[in-house]
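Notes follow the structure.
None of the figures in this text is laboratory data; all of them are computed from the coordinates on show. Predicted, not measured: the structure shown is a model, and the values here were computed from it. Positions of Cβ are generated from backbone atoms using ideal geometry, with glycine treated the same way; all protein chains shown enter the neighbour counts.
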Amino acid sequence: MSEVNFKSLQLLHESLLQKQQNITEENQQGFTKGVREYIDQAKRAGSNIASTRERDQVRANLRYWANYLYSIDKTFPDTELAPSTVEEKRPVSTIITFIVFIILIVFGGIQSYRSVVNRSTVTPLIPVSGETETATALVADIPTTISVTDLPTPESTGFNVTLSSPANGDSITPNLEFSGTFENLKPGWAIHALFIREDKYFPIKENYLIPDKPLSNEWTIQTQLTESPDEMSKAQSYSVFLVASINDSTRELLSNSSESGIEIKSLPDTVLPFDNTARVIYRDPFKMVQETRLVYSMSLNETSYDLYTSRPDGSDVTQITITPNVSEIFPNLSPDGTKIVYVKRFRETSSSPHMYAISIMDANGENDHEITDWTPNVLETPQWSPDSLYIAYAVGDISQSSSTASWNIQVYEFSTHDNTVLFAESERFDQRYFTWLPDTNDIIFGARPQTTGTVGFDLVHIDSSEETTFFFDTDQDDIRPGIKFFENGYLLTYTVVNPDKTHDIYAITDSDRQFPFDGSPIRLTFRRAGEMVDGVRIGSADYPIPDPASNSIYYIRNVNIYRLEFTMREGRMELNETKNNDSERYGDLVIETGLKDDIWGFDVGFMEAFFPIK
C-alpha cells in the first residue's frame, strides 16, 4: 500500500467535497462512512507530514469533516493529528539565519544591518517573543530568503491566543461575542475569528487590534452573524478558530473577505493560526427582524403590561416580554433599532404603591437593565436622543400630593450616568409632554406662550435650559408633540384638548425648518369623541406618532392603534380614505385589543432583532 501523504489527503478531501454536493438519503450512509475513513487516515498520516503549513491545512480539513459528522449524529469525533516522526527539510538559508541570530544574542553589541532585497519575493521573518527589545529589532533586520515552511509557528515562538468564549459545543445567538486572552502579540497585529465552510475560510469583519500599550491581555470581538432570513430560521452548526494577522494589509484582507471568503489553500503566510482555539458551536433557529415595526405595551391579564411588536399593518405579532408581576410601558426604539427604552412599573402587593424605573433592553427583550433608581414618582415616555447619547423622560413628582403630580423633564446621560432636571419648576411650563427635534439635542416641550394663554410648544437645548425658543401654538391647548423630517422641512403631529376635554389629533408641515411653524394645521380624525357608532361610544384620539419611513401617522382611539395615510398635493396634506370599515373615515385599524385589554404607549420605527423560534 502506498504511503498516505499530504498530496493524497488533499485529493481525497477535494473528492469528498464534490461528492457532498450530490448526497441523497440513499447514499448518505456510504458517504458518512467515507468521511470517517478519511478522518482516520488523516490522523495517522500526521506522522508523515512535517511541514507546519501542511499540518495546518490537514487540521482545517479535519475540523470541517468533524463538523459535518456532528450535524449528522451529534457526536464529535477525535481529530487529533498524529505527531510528526519525520524531520522537516529546511533550506540552508534558514540554518545560516539561526546561527547568525545566536551569534548576535551572545555578543549583543553587533550593530544591525539591512539588506536590500526584492520585497515582492521575500517573506518577512516574524520577531521572536520573549527576547529583549534589542534582540527583537536585530532579528527583524537580518536579511532573509525564507520559504513558506520557514515561518515560525505560534508554538515555536511563544505567541499565544486563547478563546474562553464561546466554548466548544456552546449554543450561540446571532449577536455573538468572542473573548479570550493573548500573549506576546505585537502592537499592530490583530486577532480574527474565521468560520470554516466547505473549502473556504470566512473571517468575520470585526477584529481586535493589539494596542501599543495594552492595559491587559484580554481581548473581545463583538459581531453579528450575516445570514439570510431563511438560513437564520434553521438551526446551524459552525466550525470556527482564531488567527492573528501581523500587518495592516493582511488585517484588511481578512476583514474585507467576510462575504467572499478565502480558499483554505490561499490563506496568506502573514497569518498565524491558533489550533487550540478550534471550536464547533451551534445556533438555534431565529426569526430575523430588520424593518419598520410597531412596538407597543398591552395588557391581556388586567394585572400587568407586556411589550409586543408587529409589522406596520398589524401582522406578524410577536410578544417581546412575559412578566406577570412587572409592567413594561411607554416603549421607545433606539435610533439604530437594536434596543428599547421603556418604563418599568412594579408593586409588591395590591395595596402598596407603584414603583417606577427607566429600563433598557435589547429589541428582542434580552439584556434588560435599569438605568435609574426605583422611585414612587410617576415616570412616563422615555425617548432616545437622535445621537443615542441621552434618554429624556417625564417625571411626575407626587411627594407633595399623592393625587396631583408636579411634572418635569429629566435627561439621563450615558457617558456620566447622571440625571439632570431640564427646568426648575415653572408655572409657565407644562413639562409632561415632549419630543426630540430630529438630528439635534433640542427638545420640544409643552409651554404656555403669553400670546394665547394656551399650552403650545417651545424649543430648548439640553445644555442651555434657561433659553427657550417659541416653536408652535394654536388657540387651544396642544399636547403630545411628535415630529419627523419631511421633504425640506418637518411634519409635526400633536393632540388638541377641546373645550369639553375630549381630544383630537392634528398635523402641520413646515417647509423651511424655521421656527415658529408656518402653514395651516389639519385635523386628522373624522369621528368626534362621544359619538355613538354601532352601539359603541367613540373615545378621544390621542398619541399621534409619524412613521419615519412613510406618509403614515399612527394614533390611539378606544385603546386600539390606527394608522392613517396621506398624500401631499401642491404643498398641502390630503388624507387618504380608509381601506377598512372600522368606523373611521380616515384611519385603518392596525392593532385591536379585546374588551378588557389596554394599550399603554407605543412607538414606530426601524427595528433590528432576532427572536428565538420555539
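Structure summary
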{"item": "Region 5-81 and region 282-317: distance between their alpha carbon centers, rounded to Å", "result": "44 Å"}
{"item": "Convex hull volume per residue in cubic angstrom - Cα atoms of region 257-356", "result": "220 Å³"}
{"item": "Paramagnetic label zone (point 7 Å from Cα along Cα-to-C-beta, R513; backbone N under 20 Å) in region 324-363", "result": "335-336"}
{"item": "Taking F515, F457, F471 and counting other C-beta atoms within 10 Å, the order from fewest to most", "result": "F515, F471, F457"}
{"item": "Counting all C-alpha pairs of region 287-612, share separated by more than 24 Å (%)", "result": "54 percent"}
{"item": "Cα pair count fraction exceeding 24 Å, expressed as % - region 151-284", "result": "25 percent"}
{"item": "Distance from region 175-194 to region 216-261 (C-alpha centre basis), Å", "result": "12 Å"}
{"item": "Over 29 Å between alpha carbons, listed pairs K200/K339; K344/K614; K265/K614", "result": "K200/K339; K265/K614"}
{"item": "Inter-label distance for S237 and K186, nm, one decimal - labels placed 7 Å from Cα along Cα-to-Cβ", "result": "3.9 nm"}
{"item": "Partners for K287 among aspartates and glutamates (Cα-Cα distance below 16 Å; same-chain residues under 8 apart left out)", "result": "E227, D230, E231, D316, D362, E366, E608"}
{"item": "Inter-centroid distance (Cα atoms) of region 403-420 relative to region 321-336, Å", "result": "19 Å"}
{"item": "Label point distance in nm, R347-K7, each placed 7 Å from Cα along Cα→Cβ", "result": "8.3 nm"}
{"item": "Equivalent-ellipsoid semi-axes of region 447-568, from the Cα gyration tensor, Å, largest first", "result": "26, 18, 12"}
{"item": "Computed E for Q224/E466 - FRET, C-beta separation, R0 45 angstrom, nearest 0.05", "result": "0.55"}
{"item": "Added length on full extension, which subtracts the Cα-Cα distance from 0.36 nm per residue, F76 to T420", "result": "118.3 nm"}
{"item": "Exposure proxy ranking, count of Cβ atoms within 10 Å, fewest first, for R63, R251, R569", "result": "R569, R63, R251"}
